[in-house]
Structure formats: structure tokens, C-alpha cells
Amino acid sequence: MAADQSPRTMNKQLEALGLAPEAEVRRKYRQLLFTTPGIEEYVTGVILHDGTIRNHTDDNTQFSDVLISKGIIPVIKVDKSTTPHTGFEGEVVTQGLDGLAERLQEYYDMGARAAKWRAVFTIADNTPTEQNILFDCITLARYAQLCQEAGIVPIVEPEVLFSGSHSLERAEEVTTTVLRKLFDIMHWYKVDLEGLILKSSMVLAGSEFAQQTSAADVAQATLRTFKNAVPESVPGIVFLSGGQTPQRATENLDAIAELEAQEKNLPWEIAFSFSRGLEQPVQQAWQGKEENVPYAQEALIERLRLNSMADQGTYEVSMEG
Ligand code: 13P
């Protein structure tokens, strides 16, 4: 589960519910998520923002300890978000390498055993540029080196954005190019490919493209991309939900798992690492009200349960409540 929205992003989500964009409301929301009875049945790790790993429940238990007590691994988001790529209109680069070795040591001491870094690629007529891809891939490789040196598993996330008016073919071409470059560079810089997790977008036509991609086509394009670009030594791939509706993200995950089972012997474990795809229904059920916490927690368990079924290829749309 990715619960690592920055304070800014979390505030926007709170404001959309008509709630005050305040630290205490964010804390209450994270408390709701992490204390949900039974999440450990579905969740192996939770990605946290720096402000959240340092935060605690009402009774002063550190959030990381709440997770560890359930057998869930605290994961820390270590990038410091994106900034415009000077000279490259419409593109961004991810920052946060300064002081990263020291921060990783501190997070390790707080219980984190994996870390996440997100790079963002935008598809438009002239993007992503080769320069943008190269810059972010080298940065991801450096982050991965530092994580492995610190005994922390890097979750390497090159997100190709869903927003845009590109076709499925173009999404596949860009994602393949980015992943090939990323693994070439990580290999070149001696990152241990057996000791990382790839966090990927699904391959799908842009959100403004006239024809949205069927789940079967998403599955074909996504697995073909991985076969063409992800080395066999990589143990696992997890998906972000990327602004798809929760139900669509689950349907696509299910189609990918079904195809994976048919193809047999694919080298990677495939799973999900959604934020919005899990949390939207939780926020809707919660509405910032204490009395709604049990309903919000039920909504989280329901979404986790459906995605776990999808991950086995056993989800049906008719299971949606
Ligand atoms: P979404 O599932 O909302 O895309 O978020 C996952 C994530 O970790 C983005 O960095």
C-alpha cells in the first residue's frame, strides 16, 4: 500500500472532501489506515512519507511500530518530489539525492527496510526527451546504489503518466524505452538487479485518448513491455494505480494476472502498490468523521481483498458492491 502522499497532495485530497488541510487531520487519516483490523492479511509493506514515519497514533505509538507489530514492513519514500527540468519544456526531474545516505541510515534505524523513489515521464508530441530519460535513470540508479549500501531494498518507480492524449502503442513504445534505459544504466552502475523491486505504470492509452484500452489489451501491452525490457533477474514488479478509477485498476490487474498465468514461467512476481486505487473509497467513506472510521476501514479491507483476488486472476466485476 502506498500511503506516502506528500503533505501537499494529502491536503488536496482532504480539501476535496471539504476538510481542513491540517497536520492533525492527516495524522488521523493515517491512523485510520494503519490501525485497520486485518490489513496484515493483504498488505506486506506500507510506503510512508517522512512526516508520517515520524508520526504516531493517539496513544503515542509510532506508526512504524504499529505496522511492524502486524508484520508489515515500513517503506519510506525518499525522493523530494519533482522540479521542472531546466530547458526542457513540459518535463520534470526528481530531486532528493543530497544527504540521502545519511537519511537512509536514519530511516533504517526507524525500521524501514525498503524505500521508494518516483521519476515521472510525460508523453506528449516531443516528450519524453532522451535527455530527460537519461537524467532520471541515472538518478534512480544512484538512489538504488545508496539504498543497497544501506541494507534497504530500493523500489524503483519510473512512472509514465496516464494523463495525455497518446495511443496505447505510444505508451508501450515510451515505457519500453524508459525501462530498457533504466535497467541498462542500473546494470552499468552495478546496482544488484536481484535486490530491487520495479514499481511500474500499466501500459494504457492516455486518459484523453478517444479509445480507452480494454483490460485484455492493457494486459497484452504491459506484459509484452516487461518481456522486452525487464531483466529476468528482477524478482518483483508492483503496479501503481496512476489515476485510474479503483475499479479499473483492479480490472486491469486481474487481466494481467490471468495472462501471466496463461503465459507460465514469467520470471517476476507481480503485485500491486496502489495509493489512489485503494484509498479513494476509504476517503469517501470517512469524510473526516470519527463515527465513520469503521466504515472507512471496511472500505479499505474490501478494496484490498478485491485487489488480492485480482492479483490471483480471480476477480470478477460483479464482486463490486
Ligand atoms: P497511485 O496508485 O495513486 O498512482 O500512487 C502510487 C504511488 O506510489 C505513486 O508514487
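Inter-part distance, segment 217-289 to segment 32-86, computed on C-alpha centroids, equals 21 Å. At the residue level, Leu306 shows approximately 0 square angstrom of accessible surface with a 1.4 angstrom probe and all protein chains present. Extending 7 Å from the Cα toward the beta-carbon at both Asp98 and Gln287 defines two label points whose distance is 4.5 nm.
Put simply, the amide H of Gly96, placed in the peptide plane, has neighbours under 5 Å in Lys80, leaving out anything fewer than 5 places away on its chain. Lys70 sits with roughly 50 Å² accessible to a 1.4 Å probe, with DNA, RNA and ligands left out of the calculation. For Ala115, the residues whose modelled amide H falls within less than 5 Å of its own, excluding neighbours fewer than 5 places apart on the same chain, are Ile76, Val153, Ile155.
Protein chains only, probe 1.4 Å: how do Tyr29, Tyr42 rank by accessible area, largest first? Present the calculation step by step, with values, prior to reporting the outcome.
Numbers: Tyr29 0, Tyr42 55 Å².
Descending accessible area places them as Tyr42, Tyr29.
Given the DSSP H assignment, sum -39500 (n - 2.57) over each helix run of at least 4 residues in the chain and divide by its residue total; what's the result at 222 nm in deg cm²/dmol, nearest 500? Could you put the intermediate results ahead of the total?
Numbers: 11 runs with 147 residues, N = 321.
So the helix-based figure for the chain works out to -14500 deg cm²/dmol.
Measure off, as a whole percent, the carbon and sulfur share of the 1.4 Å-probe accessible area of the chain, all protein chains present. Answer for the chain is 49 percent, counting heavy atoms of protein chains only. Plainly put, segment 221-296 has a radius of gyration that is 1.12 times its Kirkwood radius, both from alpha-carbon atoms, as the Rg/Rh ratio. Ranking Thr61, Ala16, Phe88 by Cα position along the charge dipole of segment 1-131, where only Lys, Arg, Asp and Glu carry charges on their C-beta atoms, puts Thr61 farthest toward the positive end. Taking one quarter of the surface of the C-alpha convex hull of segment 103-229 gives a mean projected area of 8.1 nm². Restricting the calculation to Cα atoms, segment 1-46 shows an Rg/Rh of 1.02 when the hydrodynamic-style radius is the Kirkwood one. Charged side chains reduced to their Cβ positions (Lys and Arg at +1, Asp and Glu at -1) give the chain a dipole of some 380 debye around its Cα centre. Taken over the chain, the convex hull of the Cα atoms encloses 133 Å³ per residue.
Remark on Ser214: its backbone amide H falls under 5 Å from none of the residues 5 or more positions apart or on other chains, H modelled at 1.01 Å from N.
Computed from the C-beta positions of Asn265 and Ser163, the FRET efficiency with R₀ = 25 Å rounds to 0.10.
The values are calculated or read from the model by the stated rules, or taken from the named source; none is laboratory data. Remember, predicted model here, so these are calculated numbers, not experimental data. Positions of Cβ are backbone-derived with ideal geometry, glycine not excepted, and every protein chain shown enters the neighbour counts. Surface accessibility is based on the protein's heavy atoms, side chains included, excluding ligands, DNA and RNA. Shrake-Rupley method; radii C 1.70, N 1.55, O 1.52, S 1.80 Å.
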